[in-house]
Number of protein chains: 2
Amino acid sequence: MKLYGYFRSSAAFRVRIALNLKGLDYEQAFIHLRKNDQRSGEYLSINPQGLVPALIDGGPVLTQSLSIIEYIDETRPKPPLLPADPVGRARVRSLAEAVACDIHPIDNLRVLQFLSRQFGHKEPDIETWFNHWIELGFEGIEKTLASDGKAGKFSHGDAPGLADICLVPQVFNARRYPSFDLRPYPTIMRIFDECMKLDAFQRAVPEKQPDAE
Amino acid sequence: MKLYGYFRSSAAFRVRIALNLKGLDYEQAFIHLRKNDQRSGEYLSINPQGLVPALIDGGPVLTQSLSIIEYIDETRPKPPLLPADPVGRARVRSLAEAVACDIHPIDNLRVLQFLSRQFGHKEPDIETWFNHWIELGFEGIEKTLASDGKAGKFSHGDAPGLADICLVPQVFNARRYPSFDLRPYPTIMRIFDECMKLDAFQRAVPEKQPDAE
């Protein structure tokens, strides 16, 4: 298996965690997002969406982190990354999408670059923007995790899964600016700390990747 | 079943299409996004994420459109909205997420409002922003649909599914500004036209909803 990623990409970070949780070996190729390598002709011929991650598992190129993780879970069912019951699966997917649809894409590097390069925003505006979307998203996630009775050691029961895989890289992002106050999210942070005790999460962190700067 | 939505919400539009494709009856509750009803205490007690759609199907509240659609597909398997093979499923989910993660959230009403109200951007900037993210996203989707040999009448073969469910509302959005040129996306538009021949898509369009203005 070959994973196209970038050490700082949250979406690639998610896939690294999933592969580690499944105990799978994988080769990494590095697409330097700050050099815009994801828009090179060579990479666009691999992933026309011009984004990381992409995964090759002996077949066509797989793209989009959530889609890749569902694929990994369907083809290597143990340990499962989603619960067995449809309502539980919907809950976990919703928590994952609360990060992967409603926080991360708005705070993505290319969006921040557009704000600064096209619209001329300076750092204080970028910081306001960045923190705003995390705050809105974490508020809803915290409320769900703290109150619906389904979280255990992890976001859903006592085993790590798709929701945790999305949550942990987002907490890394939330630490980008010291101005972001993580204290209103004790359940998120408790689950984050639990995840970080696991080797699968530890080995996936940005600073431990071969392309880390 | 009860669907909390808003006629103009792309994400609610997706769920309406999915419910219609499955031939399911549902009651609608309307959350007025321009009046910010999604952030009212009453609605936040239903969906702590403060977003539409939300679906109640005799159990806990289900949230996030993709998660809801996967739930509908798992609990009512016919007709399927995803292919049976893991690689096909990954392709369809990736196309869906190319819209639901990488276009729609960045162009969402709340983001446009933040640009105008917090950052003071005027209409020409909003239009530039709005069109930019659709163009980037559609470029990748068009390339995949036109070149990987998996599209048929619809995005994946000859039956409508999750990718089409996400694509159609995004084409509606792309028509918001006449400045957006849809001609570079002939495959997207061919599939869009095919979808719009179906009653399930027709009945789901914003202007046919009871809360349409």
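Say a label goes 7 Å from Cα toward Cβ at residue A:87 in every copy; what distances in nm does this one have to the rest, shortest first?
In ascending order, 3.8 nm.
Just need the relative contact order of chain A here, percent rounded to a whole number, with Cα pairs under 8 Å and 6+ apart.
26
I need the inter-copy label distances for residue B:113: point set 7 Å along Cα to C-beta, values in nm with one decimal, smallest first.
Spelled out, the distances from residue B:113's label point are 3.0 nm.
Hand me the tally of lysine pairs in chain B: alpha carbons under 22 angstrom apart, and the pair either on different chains or 8 or more positions apart.
17
Calculate the translational D of chain B in whole µm² s⁻¹ from Stokes-Einstein, where the hydrodynamic radius comes from the Kirkwood formula applied to all Cα pairs, the temperature is 37 °C and the viscosity 0.692 mPa s.
Estimated diffusion coefficient is 186 µm²/s.
Per-residue HN-Hα couplings for the range B:38-44, Karplus 6.51 cos²θ - 1.76 cosθ + 1.60 at θ = phi - 60°, whole Hz, x for Gly and Pro?
Rounded to whole hertz, the list is 5, 9, 6, x, 4, 6, 4.
In a shell of Cβ-Cβ distance under 9 Å around residue B:89, excluding residue B:89 itself, what net charge do Lys and Arg (+1) and Asp and Glu (-1) give?
-1
In a Debye calculation with equal point scatterers on the alpha-carbon sites of the range A:2-79 and no solvent, what is log10 I(q)/I(0) at q = 0.19, 0.20 Å⁻¹?
-0.73, -0.81
Considering only C-alpha atoms, what is the centroid distance from the range B:132-166 to the range A:92-168, in Å?
27
Per residue of chain A, what 222 nm ellipticity follows from adding -39500 (n - 2.57) for every DSSP H run with n ≥ 4, rounded to the nearest 500?
When only DSSP H runs of four or more count, the value is -14500 deg cm²/dmol.
Under 5 Å between amide H atoms, partner at least 5 residues away or on a different chain: which partners does residue A:151 have, H built in plane at 1.01 Å?
Close amide H contacts, sequence-distant or interchain: A:157.
From the label point of residue A:139, set 7 Å from Cα along Cα→Cβ, how far away are the matching label points in the other copies, in nm, ordered shortest to longest?
3.5
Build a GNM of chain A with springs between Cα atoms under 10 Å: which of A:92, A:168, A:61 gets the top mean-square fluctuation?
Of A:92, A:168, A:61, the most mobile in the Gaussian network model is A:61.
Let me have the relative contact order for the range B:2-79, percent, based on Cα pairs under 8 Å that are six or more residues apart.
So the answer I get is 36 percent.
Every read-out reported here was derived from the displayed coordinates using simple, explicitly stated rules and does not represent laboratory data. Computed from a predicted model, the values in this text were never measured in an experiment. Neighbour counts run over all protein chains shown; Cβ positions are idealised from the backbone, glycine included.
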